[in-house]
Amino acid sequence: MNVSPDIEESWKVVLQNEFEKKYIKNLKQFLTNEKEKYQIFPKGTEIFNAFNSTPFHKLKVVILGQDPYHGEGQAHGLSFSVPKGVKTPPSLVNIFKEIEEDLKINNHGKGDLTKWAEQGVLLLNATLTVRSNMAGSHQNKGWEQFTDKVISTISEEREGIIFLLWGRFAQNKSKLIEKSKHHILMSSHPSPLSSYRGFLGCKHFSECNEILKRKNKTEINWQL
């Protein structure tokens, strides 16, 4: 996997030094070895889909996930998203429930969040690859170091970005964000196991647009 050429130009510029570090070379070697033995998701051309869909200078909102989906045909490089025609996963069903409650927008039956990404919503997973049918199988191999650097770079180089941190894993990343420069909205995770603990009813989608409106930025159209 050749990391650098696969990523959109504005990200390549801000992350160039990172691509030259030893852990990235080790990560590439790990992925090469994995691909020889297992099926890996998402496919190679979609690993950096979040970055390629949302250039650094167009970024407005970050939605942080943990791991790509590990089922056949589900992962395509955008957190919480699945390609068109794939059954909507349970966490995304709850995200759509909240959007409907909050903004009266009905996205049920859909799953591809590319339209959000193209409007400046970075749909970032902490780990960018996974072995087929083995959740968490590529954790602690270097991806988290890379995506932590992505978050801290956004924090340092941009301002007024809205971070949606759902669940404890995502909330732990708040330490990478300069709180005086950015907006952090937190709740429980949208998973059916925890959505009732604060995600449903959080109104993050309308709040997000209120913040953008106050800053004279174009609001996100959450309708798919």
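The values are calculated or read from the model by the stated rules, or taken from the named source; none is laboratory data. On a predicted model such as this, the values are computed, not experimentally measured, just so you know. Backbone-built Cβ (ideal geometry, glycine too); neighbour counts: all protein chains shown. Remember, those area values only see protein heavy atoms, side chains included, never the ligands or the DNA or RNA. Shrake-Rupley method; radii C 1.70, N 1.55, O 1.52, S 1.80 Å.
Some points to look at:
- Candidate set from segment 169-186 (those that are open to solvent by 50 Å² or more (accessible area, probe 1.4 Å) and touching a residue at least 12 places away in the same chain (Cβ under 8 Å)); member that is nearest to residue 207 (Cα to Cα): 186
- Hits in segment 150-166 - residues which are under 19 Å from residue 208 (Cα atoms) and either open to solvent by 10 Å² or more (accessible area, probe 1.4 Å) or not in a helix (DSSP H, G or I) (or both): 158, 159, 160, 161, 162, 163, 164, 165, 166
- Residues that are in a loop (DSSP other than H, G, I, E, B), modelled with pLDDT under 90 and surrounded by 15 or more Cβ atoms within 10 Å (Cβ to Cβ) within segment 2-30 comprise just one, 3.
- Flag if residue 125 is among the polar types (S, T, N, Q) and open to solvent by 30 Å² or more (accessible area, probe 1.4 Å): no
- Hits in segment 52-91 (condition: assigned to a helix (DSSP H, G or I) and surrounded by 23 or more Cβ atoms within 10 Å (Cβ to Cβ)): 53
- For segment 31-51, taking the residues that are of a type outside the set (Gly, Ala, Ser) and within 12 Å of the chain's Cα centre (by Cα), the one that is most open to solvent (accessible area, probe 1.4 Å) is identified as 49.
- Counted residues, segment 93-113 - those being aliphatic (A, V, I, L, M) and surrounded by 20 or more Cβ atoms within 10 Å (Cβ to Cβ): 3
- Any hit, segment 171-187, residues being modelled with pLDDT of 95 or more and within 14 Å of the chain's Cα centre (by Cα): yes
- Filtering segment 128-149 to residues that are open to solvent by less than 10 Å² (accessible area, probe 1.4 Å), of a type in the set (A, V, I, L, M, F, W, C) and either without any contact (Cβ under 8 Å) to a residue 60 or more places away in the chain or part of a strand (DSSP E or B) (or both) leaves only 130.
- Condition check for residue 189 on (1) of a type outside the set (Gly, Ala, Ser); (2) touching a residue at least 40 places away in the same chain (Cβ under 8 Å); (3) open to solvent by 70 Å² or more (accessible area, probe 1.4 Å): one failure, at (3).
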